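Structure record follows, encoded as structure tokens.
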């Protein structure tokens, strides 16, 4: 009788074509057990992208993430309220400088912090949506997460 070899608890030592859905779920369960349900919910999308490329390149014959949904992983995420303290905002400047990011990326971080917009809203912004005279930026409904138009005020009123 041939014995099945022991599989490692993580997939880092495995060849991509030997990774099964059970291996992916084991990794996701470990992440969730560490208290990172949000990360566990996001990982399948990243892994799906990786295995999608592996399929195109014929590195794997099948995507082991197929069928994995949030309800199987971290489940429903709770709404979070996160507020940066003044000290954290002051520290952000030094951290961004040390992060070796492009200036445009650093500027984007500051714009998002100042306007409370999301990266997708910022990257899809068009000059026509910004009225400097009125001091407003209109985010169209089809660019916002909740599918509602938003007016961002760019100066104090």
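The values are calculated or read from the model by the stated rules, or taken from the named source; none is laboratory data. Please read these numbers as outputs of a predicted model, since none were measured by experiment. Cβ placement follows ideal geometry from the backbone for every residue including glycine, while neighbour counts extend to all protein chains displayed.
Count of the range 124-156 residues, restricted to those that are out of contact with any helix residue (DSSP H, G or I) (no Cβ under 6 Å at 6 or more places or on another chain) and free of Cβ contacts under 8 Å to residues at least 12 places away in the same chain, is 12. Highlighted here are the helices (runs of 4 or more DSSP H) found entirely within the range 73-157 that include at least 3 residues which are under 19 Å from the mean Cα position of the chain (by Cα): 103-115, 119-123.
Considering the range 6-26, the residues that are in a loop (DSSP other than H, G, I, E, B) and either closer than 12 Å to residue 68 by Cβ or within 22 Å of the chain's Cα centre (by Cα) (or both) include one that is modelled with the lowest pLDDT, namely 10.
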